[in-house]
Structure formats: structure tokens, C-alpha cells
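Every read-out reported here was derived from the displayed coordinates using simple, explicitly stated rules and does not represent laboratory data. Please read all numbers here as calculations on a predicted model, not as lab measurements. Here Cβ is always computed from backbone atoms with ideal geometry, including for glycine, and neighbour counts include all displayed protein chains.
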Amino acid sequence: MPPSSQSSDPELDALVRRVDEDRWLASRFAPAPARRKLIALYAVNYELGRISDVAHEPGIGVLRLTWWRDALASLAHDAHTPAHPALSGLQRAGITAEDAALLAEMVEARGHDVDDAPFADAATLEAYVDATAGALMWLASKACAQDHVGEAETLIREAGRAWGYAGMARSRRKGIASVDLSAHAHAAYMRARALAPTASPAMFPAFGYVALTPRYLRALQAGRKPPSLFGRQLKLVLASASGSI
């Protein structure tokens, strides 16, 4: 693996490594400034994603989401921002007002996490995936290769859907009966895989971890343990070298 750097906050870096190892592994391929942004983004994403796990009542979850929405809106408007390690990480990384506003919009999508009701239909489910895993990948891609995200819009969308659907299948998150999450993840992965060689190499740290999708899906289908750390590291090194996922 590429040598690590202390360019990002060591505590945030350690947190993301512990709770979101695959994204962390892919971030090792990014230069220091981009890696700093990636780690801050992934830390915020973790905080938003865990709200439904730590809030045992929907009302508490809504309050926590409101806090994050307001905090990110303050960051977007360069106003006083509440003290929080992930928010401080975003500020130090030089997150733009536009990106902070998009993160605030992600909070709205996370409202589904604290709602016991299933998704109304396949379109609503897809919109949720796009607004969470997809939006995060878009922000990460901008952090790595600002000048190339426009030409890679379809790749980013499909890669985000592949990882988002696969993540929901792995965690057995609520979906809708008519949607096979694993099948949707695999289909989106194949579309992203076909597009990946056309993307700027600088963008790989933002979406490279999607190369692990088939391994997770195969393990899930066979009832096996997730792929090993060494196997995932090797896959990412090979994917980075080939420019494919």
C-alpha cells in the first residue's frame, strides 16, 4: 500500500479506519490534501449513518439529524459552527460552501434511517441511495479531481449505487420486497466497471473501493465471512494499477 501520511487529523483518520475501512483503504491512494478532505467527509458520513443506531426513539433521531443539518448549514454559510471533530476536520480541509450545502442535503435523506416505514417504491429507494452513498462519492470525487467530475458523472452515479445497494444488502437494511438489493448492486457495479477505465486516475481514491463489491456480494450469497483485509488491499492495489474496478 502507498505510505500513509499525517496530513489528516490522526484521530479522525483512526476513526474512519475503524468504522469505514474500505473507504479508508482507498483514500491511501490520494495525495495528502485530497486525503484530508476524504477523511473528513467519511467521518461526517459515519456520524450521520450511526444516528439510527444510537437514537432508540425516532424523535431523538430527528433531533440529532436537525442538529447536523443546522451545523452543516452554518458551515456552508461560514457562520459559527458547533464544535465537533468531524466538522472541524471539514473546516481544516477547506471544504467549500457548495459541498457543505450538499452534505446538509444528505441529512434530509437520512431521515429514512429513523423512520420505521419501508421505502414507498423502487424509485424512492434509488433516490435514497443516490442522496447518501452517491452524494458522498460525488463529494469525494470533487476532492480528488475537481476538474474531472463532470465527465465522470455517470460513473460516479453507478458506482455510488453499487456500493449503496450492496451496503444495504450486507447490513440487511429495510428496502422494499420488489427490489433485490444484491442484484441491483451487481448491475450497477457492472455499469460502473465498464466506465471506470475512462475516468481520470486521480479520481480512483474516491471510487476505487467499489472494486470490492463482487467479493462482498459473493460472500453474502454463500453465507461466508466478508473478504479478508489482505485480500481487499491486494484487490485495490491491482485495481489502481489497471485503472479498472
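Structure notes:
- From the options A135, A131, A169, residue that is out of contact with any Gly (no Cβ under 9 Å at 6 or more places or on another chain) and surrounded by 17 or more Cβ atoms within 10 Å (Cβ to Cβ): A131
- Within the option set A55, A97, A83, being farther than 27 Å from A162 by Cβ, touching a Gly at 6+ places or on another chain (Cβ under 8 Å) and surrounded by fewer than 22 Cβ atoms within 10 Å (Cβ to Cβ) holds for one residue only, A55.
- Residue in the range 173-188 that is closer than 25 Å to D147 by Cα, in a helix (DSSP H, G or I) and either in contact (Cβ under 8 Å) with a residue 60 or more places away in the chain or of a type outside the set (G, A, S) (or both) present: no
- Checked against (1) free of Cβ contacts under 8 Å to residues at least 60 places away in the same chain; (2) part of a helix (DSSP H, G or I); (3) surrounded by fewer than 16 Cβ atoms within 10 Å (Cβ to Cβ), A120 passes all but a single condition, namely (2).
- For R157, the requirement of being under 14 Å from the mean Cα position of the chain (by Cα), in a helix (DSSP H, G or I) and surrounded by fewer than 22 Cβ atoms within 10 Å (Cβ to Cβ) is met.
- Of T81, T66, all but one fail to be assigned to a helix (DSSP H, G or I), over 20 Å from the mean Cα position of the chain (by Cα) and more than 19 Å from A133 (Cβ to Cβ); the exception is T66.
- A104 vs. criteria part of a loop (DSSP other than H, G, I, E, B) and among the aliphatic types (A, V, I, L, M): no
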